[in-house]
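Supplied in structure tokens, the structure appears directly below.
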Amino acid sequence: MSSNSFIDPALPPCPIPPYLLTDILLHLPDLSLLPCRLVCRHWKHTLDTTLPLRRRLFTAPPSPSTTYDLNPVFRTIDYHLHAHLAARSHHTGPLKHRIAFRLNNHSFHDSYVADTFATAPAARRIKVTLCGGFWVVEREHGVTVWDLMAGLDELVKERHERQDGVQAPAARQLEWDCTQFPFAGFRIVAATSEEVHVKPEFLNLWEVTRRISRVPMEAITAPPVITFDVEHDL
């Protein structure tokens, strides 16, 4: 089937032959493929229908597996949990107002990753754990980047607001920005054909743990050693 089968015939033909366009795109870095979907309908069709490119873009549908790769876009996220950064309200607002994606120190539009899955192959169920709590994200068609970040957001707030079954007073509710608590992505802890278990990574996880758990500083003796398995995550 031609890669231009579903392109509007009223459009001019793509100046690059389909086989050559696919080869060119396959040689681009993973994150550079994201904005390529918005170049034109020819490029979008090629990226949306070519399986090797869909795997690189984290848009391939779920398939049975026990080995998963995490979407590298998580390494580009600035994650805020701060009231006046969230739609200028007195409460933590919609997640889309508190997440920014960056590539080479430049922000890029969230529509680039709107349809991308959190893992490759896509997982239908992902369990996030942090500070003794967990949150499960389930999607029949695959958990997306936004789904997983929303699950982390709920877990962070739940851990802070309801320690020992007691809700924190409003004055003590957690607020942070990405400068205080840089988000560094996720780490896969375990995976089965039914579920992927991940933990969020922060560059100062010790302070994040203290703030989320509301543990006095003197009760924590030393920060843990944090290592990042870059090859595995990317």
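Values in this text are rule-based calculations from the coordinates and carry no lab data. Not measured: the values here are computed from a predicted model. Positions of Cβ are generated from backbone atoms using ideal geometry, with glycine treated the same way; all protein chains shown enter the neighbour counts.
Taking the Cα of Lys96, stepping 7 Å toward and past its beta carbon, and measuring to each backbone N in the stretch 115-145: which are under 13 Å?
115
Another question, if that's okay. Is the stretch 18-57 rounded, prolate or oblate when judged by the Cα gyration tensor, a ≥ b ≥ c being the square roots of its eigenvalues, rounded requiring a/c under 1.5 and prolate requiring a/b larger than b/c?
rounded
Going by average Cβ neighbours within 10 Å, how do the peptides 198-205, 133-140 rank, with the highest at the top? Kindly include the intermediate steps, with their values, before the conclusion.
Details: 198-205: 19.0, 133-140: 15.5.
So the peptides 198-205, 133-140, ranked by packing, come out 198-205, 133-140.
I need the phi-derived Karplus couplings for the stretch 194-209: 6.51 cos²θ - 1.76 cosθ + 1.60, θ = phi - 60°, integer Hz, Gly and Pro marked x.
Each residue's phi maps through the Karplus curve to give 9, 7, 10, 9, 10, 10, x, 10, 10, 5, 10, 4, 4, 5, 4, 4 Hz.
Lysines within cross-link reach of Lys96: Cα-Cα under 19 Å, excluding same-chain residues under 8 positions apart?
In chain and number order, the partners are Lys157.
Same structure, new question: Place a point 7 Å from Cα of Ser213 in the direction of its Cβ. Which residues in the stretch 120-149 have their backbone N less than 13 Å from it?
130-133
If the only charges are +1 at each Lys and Arg Cβ and -1 at each Asp and Glu Cβ, what is the size of the charge dipole of the stretch 18-57 around the Cα centre, to the nearest 20 debye?
For this selection, approximately 140 debye.
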